[in-house]
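What follows is a set of notes on a single structure, which appears directly below.
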Amino acid sequence: MNDRVKKIILAALLLAVFLAAAVWAYNHCAKTQPVTYEPQQQAETPQGVQTAANNAGVHVSPDQAQEVAQAVQEAKPWTPDQVIQTTGAGMTQALANVQQQTGAQVQIVTDPAKPDKPPDKPKPEESVNLNVYNVKAYPKRMLEVTVYRDAADVAYMTRVTVFKRTGYLGPVVSYDADRAGEKVRIGARLTIPLD
């Protein structure tokens, strides 16, 4: 391998390490609020979803915000999948438990009795009856780049549903300088979360 390729690979590795450190520092230092209290009417709009995502420090594209807002609208007349009975004192912990169980990055909380106002803070002994919308932010498309010492691959993947799980599927181009014969290979990559 010539010096020019080595320098390019080294620069790409340094850039990847720098970006990873910057993302870690931002996530570690940024003040995020995963739970957002909104009026039901606002939660049903892309702007309301975007506000909740911004509060949680999660990037949501306009298409994703529209999808979530549509899902909130469609969920309104149905019985929720899970009902949690708690009081004002236990509400924060109950929301955190549900967030951890569902893997949601954003929670939007509304008051079904007052759809045009955000929920009031309940008194510690008061029972709580609020709607909670748990949002997992899955982007529609992903670009994945992997760089090794003498190889690299690039994948462009689109969101798909596989075995009732959100995953990503798309073409991948791989380059391996040490490979005998063809150095470039083209294939497909499927990524499915396991938890």
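In order along segment 123-129, phi translates into HN-Hα couplings of 6, x, 8, 6, 6, 10, 9 Hz, rounded to whole numbers, per the Karplus curve 6.51 cos²θ - 1.76 cosθ + 1.60 with θ = phi - 60° and x for Gly and Pro. Here is the list for segment 103-195: chymotrypsin sites (Phe, Trp or Tyr not before Pro) lying in DSSP coil, each with at most 12 other C-beta atoms within 10 angstrom of its C-beta, are PHE163. Only lysine pairs 8 or more places apart, or on different chains, with alpha-carbon atoms under 29 angstrom apart are counted in the chain, and they number 21. Here the Karplus relation 6.51 cos²θ - 1.76 cosθ + 1.60, evaluated at θ = phi - 60°, turns the backbone of segment 147-159 into coupling constants of 10, 10, 4, 10, 8, 7, 9, 10, 10, 10, 10, 10, 5 Hz, with x for every Gly and Pro.
With every protein chain kept in place and ligands, DNA and RNA left out, what is the accessible area per residue of the chain? Probe 1.4 Å, answer in Å². Show your work: numbers first, answer last.
Details: 13390 Å² over 195 residues.
For the chain, the solvent-accessible area averages 69 Å² per residue.
Ellipticity at 222 nm from helices only: DSSP H runs of n ≥ 4 in the chain, each -39500 (n - 2.57), divided by the residue count, give -11000 deg cm²/dmol.
What whole number of Å gives the distance from the Cα centroid of segment 37-76 to the Cα centroid of segment 80-154? Here the answer is 11 Å between Cα centres. Protein heavy-atom surface of the chain, 1.4 angstrom probe: 57% of the accessible area is carbon and sulfur, with nucleic acids and ligands not counted. Calculation over all alpha carbon pairs of segment 110-195 in 10 angstrom steps from 0 returns a P(r) of 14, 27, 17, 17, 11, 9, 4, 0 percent. For the chain, the relative contact order is 17 percent, taking Cα pairs closer than 8 Å that sit 6 or more residues apart in sequence and dividing their mean separation by the residue count. Note on the chain: the alpha carbon radius of gyration divided by the globular reference 2.2 N^0.38 Å gives 1.35. Note on ASN129 and ARG159: their simple-model spin labels are 3.3 nm apart, each label 7 Å out from Cα toward Cβ. Taking the C-alpha atoms only, the angle from helix 46-56 to the longest principal axis of the chain is near 80 degrees. Note on LEU130: accessible area approximately 40 square angstrom, rounded to 10, probe 1.4 Å, nucleic acids and ligands left out.
Mind checking Rg over Rh on segment 98-137, alpha carbons, Kirkwood formula for Rh?
Using only Cα positions, Rg/Rh for segment 98-137 is 1.02.
Among the trypsin sites (Lys or Arg not before Pro) found in segment 128-195, those both in a DSSP coil and sparsely packed, with 14 or fewer other Cβ atoms within 10 Å of their Cβ, are LYS136, LYS140, ARG149, LYS164, ARG179, LYS183. In the context of the full protein assembly, ILE84 retains an accessible surface of approximately 70 Å², using a probe radius of 1.4 Å and ignoring ligands and nucleic acids.
The values are calculated or read from the model by the stated rules, or taken from the named source; none is laboratory data. These numbers come from a predicted model, not from an experiment. Neighbour counts run over all protein chains shown; Cβ positions are idealised from the backbone, glycine included. SASA here: full protein model, heavy atoms, side chains in, ligands and nucleic acids out. Shrake-Rupley method; radii C 1.70, N 1.55, O 1.52, S 1.80 Å.
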